[in-house]
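Have a look at the structure below before the remarks.
The values are calculated or read from the model by the stated rules, or taken from the named source; none is laboratory data. Keep in mind it's a predicted model, so treat the numbers as computed, not measured. FYI the Cβ positions are ideal-geometry reconstructions off the backbone, even for glycines, and counts take in every protein chain you see.
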Amino acid sequence: MIDKNRRSLVLAAGGALAAGTMGSAGAWAQAAGGGAERKLGYAVVGLGSYGLGMIIPQFKNCKNSRLVGLVSGDPAKAKRVAAEYGVPEKNIYNYQNYDSIRDNPDIDIVYVCLPVSMHAEYTIRAAKAGKHVMCEKPMAVSSAECEAMIAACRQAGKKLMIGYRCHFEPTNLEAIRRARAGEIGKLRYFRSEHGFNFGNPDAWRLKKAMSGGGSLMDMGIYALNASRYMTGEEPVAVYAVESTDKKDPRFREVEDRIAFELEFPSGVIGSCMSMYSAAQNHILLMGDKGRIELEPATAYHGNKLWVGNGHGDDKNEVTPPPGPGATQWAGQLDHLSQCVLQNREPIVGGEEGLRDIRIIEAIYRSAREKRRIALGPDARMV
């Protein structure tokens, strides 16, 4: 079943923010049930480019979250990072003694920022150690792994949230609000392209065993997830076509371009593309009375939003109200902390990640078999 409570909360939060009737932080707190000021302790698992470069620096912007632990296979690097961010050396762990975090009361939540093939193992181990989990997207390399992660957290009585930062990004929230308010009439068409020109043929993201796939898993998931939160619907069928030059050393194991079409119950058609050989970051919603366009749509910084009548002669840039946090990452980190403090479920929990992976599996199958794949209400292939 579609998680209507989660979907409604995302939209309510976006609407409250855009309305500006309270301050932006207060609006999100009311919509998402926030407001507690206690800071929960996070341990970041993995000191790669995203964990070290994007997540760790964000704790200074958080109201309910603080960095208290590090997990890394590089002891020297971990010590340097710990010294820079004030993490005590006793809270540094490696992948072998990771399970001993169960004995550390400083750590409430772990943030898994590892290659995709490691997400399931370190999420499950964290749950068994009695810790809540934020896991970076894509959730895992298969739906079976996603199901095991959900089951482990449920059995341990711990929260599981997936790192869908765009659910906390002001431009995306404002686009959702305007679409729901009927500003472009009845939605008819959704389009999104996400990709970049991958330069390093030796990167782990180009190794299928570590990444689970190519551009679809890495960039296509942005287009797929946006198609769901922008339309407020779940696809009932997919059709996909892959285009990959296997002579290119980058694509010996994974796909480059994959185009996929999504059919939604209301009749909306979603047209999406992921790619590793060209750069694009774009979302378009077409209604019978106008259009909403975001470009860049899901970037780390500088996202832009336009609304117009669909003919191009009144395309007006819109400045969205502030988001739920000082940054999209701070909003994301604090949301899970608030859910733990108030015993609520995250708006982007494990079921959200599972649904995307099930649809991705259907997209890959469609591309292989060159046929339309129908989806059930839980996104399983039928």
query: With G48, G69, G14, G73 as the choices, which residue is under 20 Å from the mean Cα position of the chain (by Cα), in the same structural domain as T123 (by TED's automatic domain parsing) and modelled with pLDDT of 50 or more?
result: G48
message: If I ask for residues that are surrounded by fewer than 21 Cβ atoms within 10 Å (Cβ to Cβ) and in contact with a Pro (Cβ under 8 Å, 6 or more places away or on another chain), which ones from the range 350-376 would you list?
response: L375
- prompt: Do you know which residues across the range 63-114 are buried (at least 20 other Cβ atoms within 10 Å of the Cβ) and among the hydroxyl-bearing types (S, T, Y)?
  reply: S65, S72, Y93, Y111
- request: Would you mind finding the one in Y189, Y164 that is of a type outside the set (G, A, S) and under 17 Å from the mean Cα position of the chain (by Cα)?
  value: Y164
task: Only one of these is among the charged types (D, E, K, R) and farther than 23 Å from L284 by Cα: D378, D314. Name it.
output: D378
- line: Residues of the range 169-227 being surrounded by fewer than 24 Cβ atoms within 10 Å (Cβ to Cβ), touching a Phe, Trp or Tyr at 6+ places or on another chain (Cβ under 8 Å) and in a loop (DSSP other than H, G, I, E, B), in sequence order, are F198, G213
- request: Run T298 past the list (1) in a loop (DSSP other than H, G, I, E, B); (2) out of contact with any helix residue (DSSP H, G or I) (no Cβ under 7 Å at 6 or more places or on another chain); (3) under 26 Å from Y189 (Cβ atoms) and report the number of the one that doesn't hold.
  value: (2)
query: What residue, among those in the range 128-142 that are assigned to a loop (DSSP other than H, G, I, E, B) and among the charged types (D, E, K, R), is nearest to Y95 (Cα to Cα)?
result: K131
query: Can you tell me which of D313, D288 is in contact (Cβ under 8 Å) with a residue 40 or more places away in the chain and surrounded by fewer than 19 Cβ atoms within 10 Å (Cβ to Cβ)?
result: D288
message: Taking the condition of being part of a strand (DSSP E or B) and over 18 Å from R205 (Cα atoms), how many residues in the range 100-127 meet it?
response: 3
